[in-house]
């Protein structure tokens, strides 16, 4: 059952006229993915890999639907070429709603390894990055989505276990 | 026939349609043969022509032709399962299968050896898969566009390239003029 935080994430997507979302699942994002499938305004197309998903998003954007991708931070590595040579090169706005695994509250030690690289990689790519660790930070999402559309860049919204505490 | 000759043969069919063209020599050859604003040239990002094409086809109603290669499809093989499970009646994926990585020096791909991309596409659930010889590509593409069904065409051709200049159009210009065509009725 999608909780209130997950519903608010998807409410903000629809309020910003985001009509195409692709996803690769993460346990923390299960509620968001469930909520996506209940909204007729959003075409949700699950993908197999995040770089493939960014290709779908680029096509959907050029077809007139604002896109977003739902993914886990562990996949950031496979998207770097796509972020640089497709999303940034062609100036496509793309909010990345990222489950920030490996931060405080994580239960699986291996997840910490990619968490160590997450912000450094995003910083290296000059991707505006926002880290949500408290539930009330959800109030910033609407403005971040507007900022993404305005500047026509990929942006990263990292949501960690403390943010999702009580929801999952 | 090599890829350049296949592309030349389909120019009358793709004229005015929305086209997403694969990175490297395919885009450069098509750009030299028939530049049109309704063609989106990929300047980077190997493997994603089919994904961009599918996203475009799902987002709007006009026909979309994604021109891909065997090497590029192999690098994003799961795209065939996404295409099969999200069928867009206005989407045609044309895989020009020359059994080689043309842009990097014609090194052989596995599609030129034991792997059949048509069989992979069918196994992924694509329902309208046509494998044809290079000379029959234009007719197969015309039929697919007229069928009103999502189609995957695998065109078997010879490897080899022609000398072509790089594309000098800035990426945002490619995107901008392409999006204006999407909005204006290209391919209608």
Look at the stretch A:110-149 and say how many of its residues are in contact (Cβ under 8 Å) with a residue 12 or more places away in the chain and assigned to a helix (DSSP H, G or I). 20
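In the set A:102, A:77, which member is out of contact with any strand residue (DSSP E or B) (no Cβ under 9 Å at 6 or more places or on another chain), away from chain B (no Cβ under 14 Å), touching a residue at least 12 places away in the same chain (Cβ under 8 Å) and buried (at least 17 other Cβ atoms within 10 Å of the Cβ)?
On the way: A:77 fails: buried (at least 17 other Cβ atoms within 10 Å of the Cβ).
None of the other options fit; the residue is A:102.
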Taking the residues in the stretch B:140-163 that are surrounded by fewer than 16 Cβ atoms within 10 Å (Cβ to Cβ) and more than 27 Å from residue A:63 (Cα to Cα) as candidates, determine which candidate is farthest from the other protein chains (Cβ to nearest Cβ). B:158
Members of the stretch A:33-43 that are in contact with a strand residue (DSSP E or B) (Cβ under 7 Å, 6 or more places away or on another chain), more than 7 Å from chain B (Cβ to nearest Cβ) and buried (at least 17 other Cβ atoms within 10 Å of the Cβ): A:33, A:36, A:42
Say whether the condition of being touching a strand residue (DSSP E or B) at 6+ places or on another chain (Cβ under 9 Å), within 14 Å of chain A (Cβ to nearest Cβ) and assigned to a helix (DSSP H, G or I) is met by at least one residue in the stretch B:127-138. no
Residue under question is residue B:168, and the condition is that it be more than 30 Å from residue A:46 (Cα to Cα) and surrounded by fewer than 17 Cβ atoms within 10 Å (Cβ to Cβ); does it hold? yes
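Do we find a residue being within 14 Å of another protein chain (Cβ to nearest Cβ), surrounded by 17 or more Cβ atoms within 10 Å (Cβ to Cβ), touching a residue at least 12 places away in the same chain (Cβ under 8 Å) and outside any strand (DSSP E or B) anywhere in the stretch A:1-13? Steps first, answer last, please.
Just the residues of the stretch A:1-13 that are within 14 Å of another protein chain (Cβ to nearest Cβ), to begin with: none.
Within the stretch A:1-13, none of the residues are within 14 Å of another protein chain (Cβ to nearest Cβ), surrounded by 17 or more Cβ atoms within 10 Å (Cβ to Cβ), touching a residue at least 12 places away in the same chain (Cβ under 8 Å) and outside any strand (DSSP E or B).
Within the stretch A:53-67, restricting attention to residues that are facing chain B (nearest Cβ under 7 Å) and either in contact with a strand residue (DSSP E or B) (Cβ under 6 Å, 6 or more places away or on another chain) or surrounded by fewer than 24 Cβ atoms within 10 Å (Cβ to Cβ) (or both), which residue is nearest to residue B:57 (Cα to Cα)? It would help to see each step written out before you state the result.
We begin by selecting, within the stretch A:53-67, every residue facing chain B (nearest Cβ under 7 Å); these are A:55-60, A:62-65.
Checking the rest, the ones that are also either in contact with a strand residue (DSSP E or B) (Cβ under 6 Å, 6 or more places away or on another chain) or surrounded by fewer than 24 Cβ atoms within 10 Å (Cβ to Cβ) (or both) come to A:56-57, A:60, A:64-65.
Working: A:56: 10, A:57: 11, A:60: 8, A:64: 11, A:65: 11 Å.
Filtering the stretch A:53-67 for residues that are facing chain B (nearest Cβ under 7 Å) and either in contact with a strand residue (DSSP E or B) (Cβ under 6 Å, 6 or more places away or on another chain) or surrounded by fewer than 24 Cβ atoms within 10 Å (Cβ to Cβ) (or both), the one nearest to residue B:57 (Cα to Cα) comes out as A:60.
Condition check: more than 14 Å from chain B (Cβ to nearest Cβ) and within 24 Å of residue B:44 (Cα to Cα). Does residue A:70 satisfy that? Before the answer, list the steps.
Working: more than 14 Å from chain B (Cβ to nearest Cβ): yes; within 24 Å of residue B:44 (Cα to Cα): yes.
Yes; evaluated as a whole, the condition is true for this residue.
For residue B:182, are the conditions met, namely being within 28 Å of residue B:121 (Cβ to Cβ), within 14 Å of chain A (Cβ to nearest Cβ), in contact with a strand residue (DSSP E or B) (Cβ under 9 Å, 6 or more places away or on another chain) and at pLDDT 95 or above?
When the stated conditions are applied, residue B:182 passes them.
Does residue A:67 satisfy being in a strand (DSSP E or B) and touching a residue at least 60 places away in the same chain (Cβ under 8 Å)? Working first, answer last.
Details: in a strand (DSSP E or B): yes; touching a residue at least 60 places away in the same chain (Cβ under 8 Å): no.
So residue A:67 does not fit the description; no.
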Can you tell me how many residues in the stretch A:88-99 are assigned to a loop (DSSP other than H, G, I, E, B) and away from chain B (no Cβ under 14 Å)? 0
Considering the stretch B:116-126 alone, what residues qualify as being surrounded by fewer than 19 Cβ atoms within 10 Å (Cβ to Cβ) and part of a helix (DSSP H, G or I)? B:119, B:122, B:123, B:124
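The values are calculated or read from the model by the stated rules, or taken from the named source; none is laboratory data. All values reported here derive from a predicted model rather than from experimental measurement. Note: ideal-geometry Cβ built from the backbone for every residue, glycine included; neighbour counts use all protein chains shown.
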